[in-house]
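First up is the structure itself, then whatever we jot down about it.
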């Protein structure tokens, strides 16, 4: 056997090497794309969970509360609730007990039970302020139940940044969800996965 045959590969040897390199490259591309798609699927699951269990319900309850609040103010011919005049007190109490507090209770429950779904690493101060505001109204409602109407609002005021935070976070997550769902590569991969099942 001639030593030059080892140094100069034949076309058959070249084809085998090329096939092995091509197969490895294909495997590598498949592996990397699978990892990328798995990460994307995990991210989409987290975004969906945050929207379904935290920011979506929080946003809907907040918008409903704001609409109801503006309706009450409009009905009373006011631009802000305070001061609550004696003539407005019975209606204020009715709306507080039947509309505002049930919505506050829903939001408080969402925040307390699903705090692990917040986007930030630290609990946003406006969420803590909101829960404290609700606790203040719970104490006030107990005073009203005992016939004490000296206080008409929670001693802890409404945190104005709460509404901004909820809307901003909800919209950002919806945009991310849309981006994750409508990426062309993602749609292509989902079709392949569905066909293989």
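The values are calculated or read from the model by the stated rules, or taken from the named source; none is laboratory data. Being a predicted model, the structure only gives us computed values, none of them experimental. Note that we place each Cβ from the backbone using ideal geometry, even for glycine, and neighbour counts take in every protein chain shown.
Determine the pairs where a residue that is closer than 11 Å to residue 176 by Cα, located within the stretch 39-57, has a partner that is surrounded by 13 or more Cβ atoms within 10 Å (Cβ to Cβ) and modelled with pLDDT of 90 or more with Cβ atoms under 6 Å apart, the partner being 6 or more residues away or on another chain.
47/173; 47/176; 47/177; 51/173
I'm trying to understand the selection: among the residues of the stretch 134-155, which are closer than 16 Å to residue 84 by Cβ and in contact (Cβ under 8 Å) with a residue 12 or more places away in the chain?
Within the stretch 134-155, 136, 137, 140, 141, 144, 149, 152, 153, 154, 155 meet the criteria.
Listed here are the residues, each with its yes/no results for (1) touching a helix residue (DSSP H, G or I) at 6+ places or on another chain (Cβ under 6 Å); (2) in a helix (DSSP H, G or I); (3) surrounded by 12 or more Cβ atoms within 10 Å (Cβ to Cβ); (4) at pLDDT 90 or above.
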| position | (1), (2), (3), (4) |
| --- | --- |
| 120 | no, no, no, yes |
| 148 | no, no, no, yes |
| 156 | yes, no, yes, yes |
| 164 | no, yes, no, yes |
| 171 | no, yes, yes, yes |
| 187 | no, yes, no, no |
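Considering the stretch 67-86 alone, what residues qualify as being in a helix (DSSP H, G or I) and surrounded by 13 or more Cβ atoms within 10 Å (Cβ to Cβ)?
Selection gives 68, 69, 72, 73, 76.
Would you confirm whether any residue within the stretch 126-140 is at pLDDT 90 or above, within 30 Å of residue 92 (Cβ to Cβ) and loosely packed, with under 12 Cβ neighbours inside 10 Å?
No; the residues of the stretch 126-140 include none that is at pLDDT 90 or above, within 30 Å of residue 92 (Cβ to Cβ) and loosely packed, with under 12 Cβ neighbours inside 10 Å.
What residue, among those in the stretch 12-47 that are in contact with a helix residue (DSSP H, G or I) (Cβ under 8 Å, 6 or more places away or on another chain) and modelled with pLDDT under 75, is farthest from residue 117 (Cα to Cα)?
33
Looking at the structure I just gave you, is residue 99 at pLDDT 95 or above, surrounded by fewer than 17 Cβ atoms within 10 Å (Cβ to Cβ) and in contact with a helix residue (DSSP H, G or I) (Cβ under 6 Å, 6 or more places away or on another chain)?
For residue 99, the condition - at pLDDT 95 or above, surrounded by fewer than 17 Cβ atoms within 10 Å (Cβ to Cβ) and in contact with a helix residue (DSSP H, G or I) (Cβ under 6 Å, 6 or more places away or on another chain) - is met.
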